[in-house]
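The values are calculated or read from the model by the stated rules, or taken from the named source; none is laboratory data. This is a predicted model, so every value here is computed, not measured. Virtual Cβ from ideal backbone geometry, glycine too; neighbours counted across all protein chains shown.
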Amino acid sequence: MNHPRIGQGFDVHAFGPGDHVVVGGVRIPHDQGLLAHSDGDVVIHALCDAIFGALALGDIGKHFPPTDPRWRDADSRQFLRRARQLAAEADYRIGNADVTVICERPRIAPHVAAMRASLASDLSIGLETVSVKATTSEGLGFTGREEGIAAMAVVMLVPLK
């Protein structure tokens, strides 16, 4: 019999040229973009790592290697849907997901509702089981210097059987 599993994930991307960032599946206008092989969605990348970790299946780089040209500029939402599919194949469903975004800019709060809706849809779970929070690092470190953005995620996998 399967037992509930908990996984945690973390991701970070540096800012670079561009006019928007993608965070939690939501395009947010910004005076910079993110340096990444895919769209650089730190929230989704952290969630994928949390799911893969709970399943003991490695990390996002194992499943979607940055050396593979198929993932160049890819929409990270497809990564999250695949992670959910792998959980289902292992007889688990996502019980809940909790995410914290860490950055000084852009402001995340105005986009939290849209992020929660996007993530809930891709995870096939209710909106009430998806939490997205944002914080700054009080001017400290690379996020405090506005050099990039980071996210942490925790998921609970619940057995289907």
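Inside segment 18-47, can you point out the residues that are more than 29 Å from Tyr92 (Cα to Cα), touching a strand residue (DSSP E or B) at 6+ places or on another chain (Cβ under 6 Å) and not in a strand (DSSP E or B)?
Selection gives Gly18, His30, Gln32, Leu35, Ala36.
Just checking, does segment 94-104 include any residue being over 17 Å from the mean Cα position of the chain (by Cα), at pLDDT 95 or above and farther than 17 Å from Cys48 by Cα?
Within segment 94-104 (the criterion being over 17 Å from the mean Cα position of the chain (by Cα), at pLDDT 95 or above and farther than 17 Å from Cys48 by Cα), the answer is yes, since at least one residue qualifies.
When segment 65-81 is examined, which residues are found to be assigned to a helix (DSSP H, G or I) and out of contact with any helix residue (DSSP H, G or I) (no Cβ under 7 Å at 6 or more places or on another chain)?
Within segment 65-81, Pro69, Arg70, Trp71, Gln78 meet the criteria.
Hey, could you check segment 68-116 for residues that are in contact with a Gly (Cβ under 8 Å, 6 or more places away or on another chain) and basic (Lys, Arg) and say which is surrounded by the most Cβ atoms within 10 Å (Cβ to Cβ)?
Arg116
Give me the residue from segment 14-29 that is on the phi < 0 side of the Ramachandran plot and more than 17 Å from the chain's Cα centre (by Cα) and, out of that set, surrounded by the most Cβ atoms within 10 Å (Cβ to Cβ).
Selected residue: Gly16.
Name every residue in segment 10-55 that is among the polar types (S, T, N, Q) and modelled with pLDDT under 95, in order of residue number.
The answer is Ser38, and nothing else.
Does Lys62 satisfy the criteria of being free of Cβ contacts under 8 Å to residues at least 40 places away in the same chain, under 17 Å from Gly9 (Cα atoms), outside any loop (DSSP other than H, G, I, E, B) and over 15 Å from the mean Cα position of the chain (by Cα)?
Taking the combined requirement at face value, the residue satisfies it.
Is there any pair with a first residue in segment 126-147 that is at pLDDT 95 or above and a second that is aliphatic (A, V, I, L, M) and exposed (fewer than 12 other Cβ atoms within 10 Å of the Cβ) whose Cβ atoms are under 9 Å apart and which are 6 or more apart or on different chains, and what are they?
Ala134/Ala109
What pairs can you find where one residue is in segment 14-42 and under 17 Å from Arg72 (Cα atoms), the other is of a type in the set (S, T, N, Q) and surrounded by fewer than 17 Cβ atoms within 10 Å (Cβ to Cβ), and their Cβ atoms are less than 9 Å apart, with a gap of 6+ or different chains?
Once the first residue is under 17 Å from Arg72 (Cα atoms) and sits in segment 14-42, its partners that are of a type in the set (S, T, N, Q) and surrounded by fewer than 17 Cβ atoms within 10 Å (Cβ to Cβ) give Gly25/Ser121; His37/Thr67.
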